[in-house]
Structures are given as structure tokens and as C-alpha cells.
Amino acid sequence: MSKKLCIFANHFMEQNDRPFIIAGPCSVESREQLLAVSESLCRMPRVRMIRGGVWKPRTRPGGFEGLGEPALRWMKEITESPLRMSDGAPVRFCCEVARPEHAELCQQYGIHTVWLGARTTANPFMVEEICESLRGSTIQVMVKNPISPDLKLWIGAIERMQQAGIDHVAAVHRGFSVYHWRNAQQIYRNDPLWEVALELRRQRPDIPVICDPSHIGGDRRLVASLALAAVQLDYDGLMLEVHPSPADALTDGAQQLTPTELATILNTLPYSSGNGNPASLEPLRKQIDDIDHELLGLLSLRMNLSRQIAHIKREQQLTVYQAKRWEEVMHDRLQMAADLGLNPDFVKELLEKIHGESVRVQIED
Ligand code: PEP
Ligand code: MN
């Protein structure tokens, strides 16, 4: 199955028009705010859809919980106004739904794209109820990753949507809440754990994956580098939070960009030209293939030596794991890695994997 992002958002998107950009405020806060941000975003040639939180799931009680129905009314009003997105289409809005009633109201107000928030994806009962309220509609649904790095829950919510007959489903990677010890340095609000999203893409290549660098970073200063990383990892789209005046935002002020900051980021991102790979890559790729084959051959030789060692250790009644020897090996290899200009963290991780497998082979074979 091929990617469906070209169908996502009303068939308007060309396959090579990537990444697909969604931007807008964390929360809709007033008619004036929504109008102001919509006017700014409609002037940006790359923005394809405008987000705006209507119901806000707050971690703790007492905060701003969203304006509900009036926000949907303003979205409808703007969509029906003469304002146009830069591709000439009426303004397209999307928002989060966290209950079946939200999904029904969105449909009443002509919102054609909604998303499930991280807290909702983590709750299969609620996902099921929302699916029932959307059954049979042509609405498009984006499924944010669950709060914890549980790929099965994420894929499960996507499958539930598809089983309810929703054809256009995308995944949104917004990072994961992982426990940090009190003194550990926490850079991101939500740890990206890119490998989880890459595994989702491997298992479900038909589902477009959109990155939300705003909720990963939690700090506007991190958004540009995260957005660039996502584009380099070949994500299909980006969802970014933008507010006319982030300092006054009622939610997520620290991570929202001004429209000018967004424009700067969008101008510096590489966009897919759809031209495929240049021929000059071929000879270099051939050399990489050869080296990988050589590496695997050497790994196989190394494992065979481990088996011979296991045999001797068994005869001599020696333990498989020998801390001192392992320490010496690691020290020697890290020294060599430094001489060769290799990243020591990478080499350490690689050697730990190889050694772990060698220990397993010696115990189990
Ligand atoms: C949001 O998009 O504003 C939001 C609340 O996101 P998440 O579900 O990723 O926390
Ligand atoms: Mn937010």
C-alpha cells in the first residue's frame, strides 16, 4: 500500500509536496486571536491546514480548558469567509476530539480533520466510543502517540479507526513522557524516542507520520532543530504551534512560535522535490553495501570464536561473563574509536550489543 498523505486533506496534496504543514495555536482563545493567526498562516505558502485546540485536556485541574462550541463557530465562520489558504482553498481547520460529543460537534460545524490527543490514544475504551461516533463519516483522523512509548497502543488506535471505516488516518508523533530521576537533565518536554515512530512507519508504511516538534520540545527554541530532524527522517508532515502573542497564551506559551518565527523555520526546511535519488549516490551506496556485507561476515566469525571459547570455559568450569576481561576490551576499543574519530557513545552501545549477544550465545548454545 502506498502512502495516503496525498489523499489526506481533501485530495489537494501532490505526492511530492512534502512535508505537509499544519500550524496554529495550542488553544483557540478568542475570535480575534483565531482570526489574526489564520490571516498570518494563510499568507504562508507552505501551510496547508490550521490547528486550534477547542477542548484542552489539562494534566492538572484549574487551568484553561478550552472554549468549546464557540471556537467551532468561529472556525466555520472563517472557513466560509473570503479568506483563502495560499493554495487558494477555503481555510481548513483541525482540532482535537476527546469524547464522542466533540466528534459529533466537529461534524456539525464542518471540521473535516480531527485528532486524538496523547491521553485519549492511551485509552482504548474512549477511542472505541469516538470511533463509533465517527463511523460512516468521511472525516480524517490523526492519531497522536500515547503518552507512554507503547507502540501497540498507538497502532491499536489507528486500527480501531480503520475498522470504523475511517479511510484517511495519519499518525502524529508528539514524544513520550518518560520518567526522569530528580537530578537528571531533561532536555525535552516529551522524549522524542524517534525509534518508536520509525518502527511505526516500518510496521505501517501506509500511514503518513506527522511530527509535532512543539509538544516534543516544550520550548520554542528547540522547535526548529526538531522540525529539521523530522524532515531529515523523511516524516510526511509537521504540526507546529503558533500564537500571535505566545507570552499571553493561555496554554503552552513556552513552546508556541510567533508567526514570524514559523515563517523563518519553514523557509529553512528542505522540501521534497520528488526527483528521486541522484545517480551520483549509486557508487557510494555500492561501497556501503560492500562494507555492510563485510561487517556481517566478521560478526559471524566473531560469534563462532565465542562458541569455541564457550566450549573451553565449560570444560574449565569458568564463568561465561568475566568483568575484568570485558572492561579491558571496552577500554581498548574506545581508545581505538577515539583515534578513528568515531563517536564513543555509539561505539560503546554497539560493543555492548555485540558482547550481549556473545554472552547469550555462550550461555544458550
Ligand atoms: C495539543 O495538541 O495541544 C495537545 C494537548 O497535544 P497532546 O495530546 O500531544 O498533549
Ligand atoms: Mn499544546
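Going by average Cβ density within 10 Å per residue, which order do the peptides 287-293, 165-171 take, highest to lowest?
Most protected by this proxy first, the peptides run 165-171, 287-293.
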Amide H contacts under 5 Å for Arg51, placed H, 5+ residues apart: Ala23, Gly24, Cys94
Cut-off 18 Å, label 7 Å out along Cα→Cβ of Ser148, residues of segment 189-227 by amide N: 190-193, 196-197
Segment 135-197, dipole about Cα centre (Lys/Arg Cβ +1, Asp/Glu Cβ -1), debye to the nearest 20: 220 debye
Protection proxy ranking of 234-246, 328-340, 114-126, 311-323 - average other beta-carbon atoms within 10 Å, highest first: 234-246, 114-126, 328-340, 311-323
Overall dimensions of segment 291-365 as given by Cα atoms, namely Rg and Dmax in Å: 13.5, 40
Net length gained if the chain between Glu195 and His331 were fully extended (0.36 nm per residue, minus Cα distance): 46.1 nm
For segment 221-227, Karplus couplings with θ = phi - 60° (6.51, -1.76, 1.60), whole Hz, Gly/Pro x: 5, 9, 5, 4, 6, 5, 4
Segment 56-192 - accessible surface per residue (Å², probe 1.4 Å): 49 Å²
Placed amide H near Phe176: partners under 5 Å, 5+ positions off or other chain: Asp191
Gln316 versus Asp339: modelled label distance in nm, points set 7 Å from Cα along the beta carbon direction: 2.7 nm
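Looking at segment 148-230, which chymotrypsin sites (Phe, Trp or Tyr not before Pro) are in a loop (DSSP not H, G, I, E or B) and have at most 14 other Cβ atoms within 10 Å?
Sites meeting the loop and neighbour criteria: Tyr179, Trp181.
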Whether segment 246-311 is rounded, prolate or oblate, judged on the alpha carbon gyration tensor where a/c under 1.5 counts as rounded: oblate
Values of log10 I(q)/I(0), in the order q = 0.13, 0.24 Å⁻¹, for segment 82-190 under a Debye, Cα-only, solvent-free model: -0.53, -1.24
Crossing angle, helix 344-364 versus the chain [Cα axis fit, 0-90 degrees, rounded to tens]: 60 degrees
Length released on extending from Asp290 to Arg360, taking residue separation times 0.36 nm less the Cα-Cα span: 22.4 nm
Crossing angle, helix 323-340 versus the chain [Cα axis fit, 0-90 degrees, rounded to tens]: 70 degrees
Distant-in-sequence amide H partners of Leu257 (H built 1.01 Å from N, under 5 Å): Glu241, Val242, His243
Binned Cα-Cα distance frequencies in segment 204-294 - 5 Å width, integer %: 3, 12, 17, 17, 13, 12, 9, 7, 4, 3, 2, 0
Helix-only CD estimate at 222 nm, as mean residue ellipticity for the chain, using -39500 (n - 2.57) per DSSP H run (n ≥ 4): -15000 deg cm²/dmol
Helix axis angle, 194-203 relative to the chain longest principal axis, alpha carbon, degrees: 80 degrees
Reference-scaled alpha-carbon Rg (2.2 N^0.38 Å with N residues) for the chain: 1.19
Trypsin sites (Lys or Arg not before Pro) restricted to DSSP loop in segment 24-81 with at most 13 other C-beta within 10 Å: Arg43, Arg58
Within the accessible area of segment 230-334 (1.4 Å probe), percent carbon and sulfur: 57 percent
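The values are calculated or read from the model by the stated rules, or taken from the named source; none is laboratory data. All values reported here derive from a predicted model rather than from experimental measurement. All Cβ positions, glycine included, derive from the backbone under ideal geometry; neighbour counts span all protein chains shown. Just so you know, the surface numbers come from the protein's heavy atoms only, side chains and all, with ligands and any DNA or RNA stripped out. Shrake-Rupley method; radii C 1.70, N 1.55, O 1.52, S 1.80 Å.
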